[in-house]
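The values are calculated or read from the model by the stated rules, or taken from the named source; none is laboratory data. Given the structure is predicted, the values throughout are model-derived calculations rather than measurements. Virtual Cβ from ideal backbone geometry, glycine too; neighbours counted across all protein chains shown. What goes into the accessible areas is simple: the full protein's heavy atoms, side chains included, and nothing from ligands, DNA or RNA. Shrake-Rupley method; radii C 1.70, N 1.55, O 1.52, S 1.80 Å.
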Amino acid sequence: MKKIGVLTSGGDAPGMNAAIRAVVRKAIYHNVEVYGIKYGYQGLMEGNIERMEIGSVGDIIHRGGTILYSARSEEFKTDAGQEKAIEQLNKFGIEGLIVIGGDGSFRGAQKLTEKGYPCIGVPGTIDNDIAGTDFTIGFDTALNTVIEAIDKVRDTATSHERTYIIEVMGRNAGDLALWAGLADGAESILIPEKKEDFSTVVNKLKRGRKRGKKHSIIVLAEGVGSGFDYGKRIEESTDLETRVTVLGHIQRGGSPSAADRVLASRLGAQAVDLLLEGKAGRMVGIEKNVLVDHDIAKVLHEKHTINDDMYKLSQELSI
Ligand code: ADP
């Protein structure tokens, strides 16, 4: 393989730039030409493709977002769209593609691989919702953003003796809420993977107040529902003054943490090695701090699971 391509797709995540940098530098290290495709699959179908050099990825390792930009494309989900994409790749002589993104992006990569075009997936999403890897690129940075925000909310919660619901991202996964809740000593952590009775949550709040607690923090994953609805329910059934903070897209931005930069560098470089070994339809990941790769089809079929021990611990520590 003498020419490879790289794109970022779907929701962006801090650390994607570090992954692009690793792909470009590792390819050039192996004397392979590398092409950057802008705006994900949409840009690929339109031939928005540029040769990248060592200097193209200078000074980006610390920057959030993605220098290749991202997009969502309905057209690419069709056979015609995928064939258009392969036509463009062939036109540029690009023999393999690295896709940095989440599960939707991997579905696209899987389709191209099924059509005979080799792709490797690199998991980049703050949601940490991909099977076959302990961590996705961006999760650690988003987690730190959430914690910084909760620490600030905690100050004002104490001053006013309020109960705060913090709604965090994660789509259908509860990882971000679970880790943030544990790291911030939340009273309750509400995640889609575990059912917590409303009465249990309320009783815990009341118990805390009786003990003299000045504030309460509940971390709620967006996959559970609206933080505002939950806050309203608490206010209606208790005399606790409740406020809701929806952290929203600040969780997707910012300079990537050291952990994300290192993870992105390792995964991006590993993706290049797999392509050069002739592998296709694989996703790189990290398990127990060891680099692994799995069949993308299998990864898409399986569900990412939360760490049950961590959930249990969060409950034991928030009595
Ligand atoms: P993420 O990768 O963050 O999960 P999306 O789910 O929005 O983000 O997917 C990103 C893009 O991947 C979509 O806009 C689409 O172009 C492509 N994609 C998603 N699902 C499929 C599919 N089933 N077949 C082909 N392409 C897909």
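Among beta bridges from DSSP that stay inside the chain, the antiparallel ones total about 25%.
Using the eigenvalues of the Cα gyration tensor, what equivalent ellipsoid semi-axes result for the range 198-319 when each is taken as the square root of five times the eigenvalue, whole Å, largest first?
Working: eigenvalues 345, 51, 45 Å².
Result for the range 198-319: semi-axes of 42, 16, 15 Å.
Remark: the chain projects, on average over all directions, an area of 16.1 nm² (convex hull of Cα atoms). Close Lys pairs in the range 1-127 (alpha-carbon distance under 21 Å; sequence gap of 8 or more, or different chains): 22. Measuring between their Cα centroids, the range 176-232 and the range 277-318 lie 26 Å from each other.
Normalised by the number of residues in the chain, the mean separation of alpha-carbon contacts (under 8 Å, six or more apart) gives a relative contact order of 24 percent. Rg and Dmax, both from the Cα atoms of the range 84-203 and both in Å, are 20.0, 64.
Apply 1/(1 + (r/R0)^6) to the Cβ-Cβ distance of residue 310 and residue 161, taking R0 = 25 Å, and write down the FRET efficiency to the nearest 0.05.
Numbers: r = 29 Å, r/R0 = 1.17.
Step by step, r from the Cβ atoms, then E = 0.30.
The spread of Cα positions in the range 1-146, taken along each principal axis and listed from longest to shortest, comes to 43, 33, 24 Å. Please report, to two decimal places, log10 I(q)/I(0) for the range 88-152 at q = 0.24 Å⁻¹ as given by the Debye formula with identical point scatterers on the Cα atoms and no solvent. These q points yield log10 I(q)/I(0) values of -0.97.
Would you mind telling me the share, in percent, of accessible area of the chain contributed by carbon and sulfur at probe 1.4 angstrom? That share works out to 49 percent. To the nearest 10 square angstrom, what accessible area does residue 151 show with a 1.4 Å probe? We get 70 Å² for residue 151.
Rolling a 1.4 Å sphere over the protein heavy atoms, what is the accessible area per residue of the chain, to the nearest Å²?
About 44 Å² of surface per residue is accessible.
How many Lys pairs in the range 160-319 lie less than 15 angstrom apart by Cα atoms, where the lysines are 8 or more positions apart or on different chains?
Values: 194/303; 194/312; 195/312; 204/213; 204/214; 206/214.
For the range 160-319, qualifying lysine pairs total 6.
Ordering 291, 247 by accessible surface, largest first, gives 291, 247; the 1.4 Å probe counts only protein heavy atoms, with every chain in place. In the chain, which whole DSSP H runs stretch at least 27 Å along their own axis (Cα) and average 0.0 or higher on the Kyte-Doolittle scale? Flagged H segments are 258-276.
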